[in-house]
Amino acid sequence: VRKTLLVANWKMNGSLDLLSQMHEALLAKSYSGVGIAICPPFIFLPQTQNLFKDSQIAYGAQDVSDQDNGAYTGQISAKMLSQLACDYVIIGHSERRQYCGETDKIIAAKCQRALDAGLVPILCVGENATQKQNGETEAIVLSQVRSVVDSLTTEQLEKLVIAYEPIWAIGTGLAANPLDANKVHELIRKASLQTTRILYGGSANAENIREFLMQPNIDGALIGGAALKPEVFVQMINISEALCTKVY
Ligand code: PGA
């Protein structure tokens, strides 16, 4: 069984106020079939822990250092995140690959650190518009997945979550076609495990989430813009709960 997972990626957005609003909106109901996690900026994680620690809502960070500790000014280690009882950490988001020069090698090291500290890495992969036009989607996505998956033990791999996020769909309002996305998810599944949860990301919203989750290989979503609006995020959760978990 792969339990559906919805993850909010706030990126460099939000505030303590939004966190309180989200808390109020999310705790107004109970959850059964769907896992929910919010990933606010690092600075809000202590307050996230205070608010959500005894709830069914998981939380995590948007990045982690590839180093264990030491003279790495500004970086935050996996062990530090686990001290705040984070469950998840997003790793290798395309914005970090693009703006912070993260390579597959660094991303693999980050996943390893996260797993060593007991966190669940959410590994992000996806092609850009040019690569898509050139028919390189499969090759790009598979090489991004393999560069992490091949360095993990089966036990570690069982914990990994993967998010397929076509870069051209992120923040553009142009979500992928769910059938096309499902094909990429199928490839990712072949390169990972039958049990691996593979999320879709890229302009997922309350209007399209149902169609994505109806695909056999799409196990949830990594949600940016739509997850900054508590009422929209809750709406997406409600739609997902009505569809629920995939049995394979
Ligand atoms: P979006 O972002 O939902 O705003 O497109 C998704 C992501 O980048 O994780």
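For segment 182-246, the solvent-accessible area works out to 37 Å² per residue, with a probe of 1.4 Å and every protein chain left in place.
Result for the chain in a Gaussian network model with C-alpha springs under 10 Å: among Gly74, Gly92, Gly173, the largest mean-square fluctuation is at Gly74. Considered as an equivalent ellipsoid built on the Cα gyration tensor, segment 1-105 has semi-axes of 25, 16, 14 Å, the largest given first.
On the protein heavy atoms, probe 1.4 angstrom, tell me the percent of accessible surface of the chain carried by carbon and sulfur.
Roughly 51 percent, rounded to a whole number.
Farthest towards the positive end of the charge dipole of segment 1-140, among the residues Ala108, Val34, Ser77, is the Cα of Val34, using unit charges on the Cβ of Lys, Arg, Asp and Glu.
Taking each pair of different alpha-carbon atoms in segment 134-197 once, compute 1/r for the pair, average those values, and report the inverse of that mean as the Kirkwood hydrodynamic radius in Å to one decimal.
Details: mean 1/r = 0.0792 Å⁻¹.
Value: 12.6 Å, from the Cα pair sum.
Based on protein heavy atoms only, segment 69-161 ends up with 51 Å² per residue of surface accessible to a 1.4 Å probe.
Converting phi to 3J(HN,Hα) with the Karplus coefficients 6.51, -1.76 and 1.60 and the offset θ = phi - 60°, segment 81-89 yields 5, 6, 5, 8, 6, 5, 9, 10, 9 Hz in sequence order, with x at every glycine or proline. GNM on the chain, alpha-carbon springs under 10 angstrom: the most fluctuating residue among Leu27, Leu19, Leu142 is Leu27. The ratio of the alpha-carbon radius of gyration of segment 110-248 to the globular-protein estimate 2.2 N^0.38 Å is 1.02. The simple Förster model, with R0 at 22 Å and r as the Cβ-Cβ distance, assigns Met214 and Gln56 a FRET efficiency of 0.40. Applying 1/(1 + (r/R0)^6) with R0 = 35 Å to the Cβ-Cβ distance of Lys190 and Thr103, what FRET efficiency is obtained, to the nearest 0.05? In this case the efficiency is close to 0.90. For the listed peptides 209-222, 56-69, a ranking on the average number of other beta carbons within 10 Å per residue, highest first, reads 209-222, 56-69.
Looking at the chain only, what percent of DSSP beta bridges run antiparallel? Nearest 5 please.
Taking every DSSP beta bridge with both residues in the chain, the antiparallel ones total about 5 percent.
Taking Cβ atoms as reference points and 11 Å as the exclusive limit, the residues near Ala139 contribute a net charge of -2, counting Lys and Arg as +1 and Asp and Glu as -1. Averaging the sequence gap over all C-alpha pairs within less than 8 Å and six or more residues apart, then dividing by the number of residues, gives the chain a relative contact order of 23 percent. Panel note: the C-alpha atoms of the chain, placed on their principal axes, show extents of 46, 45, 33 Å (largest first). Comparing Cα centroids, segment 45-124 and segment 193-248 end up 22 angstrom apart. Sites listed here are GluC sites (Glu not before Pro) in segment 110-182 whose DSSP assignment is loop and whose Cβ has at most 14 other Cβ atoms within 10 Å: Glu136, Glu158.
Two decimals is fine: what is log10 I(q)/I(0) at q = 0.11, 0.19, 0.26 Å⁻¹ for segment 43-116, from a Debye sum with one equal scatterer on every Cα and no solvent? Evaluating at q = 0.11, 0.19, 0.26 Å⁻¹ gives log10 I(q)/I(0) of -0.28, -0.79, -1.23.
The values are calculated or read from the model by the stated rules, or taken from the named source; none is laboratory data. Computed from a predicted structure; not experimentally measured. Using ideal geometry, Cβ is built from the backbone for each residue, glycine included, and neighbour counts are taken over all protein chains shown. Surface areas here come from the heavy atoms of the whole protein model, side chains and all, with no ligands, DNA or RNA. Shrake-Rupley method; radii C 1.70, N 1.55, O 1.52, S 1.80 Å.
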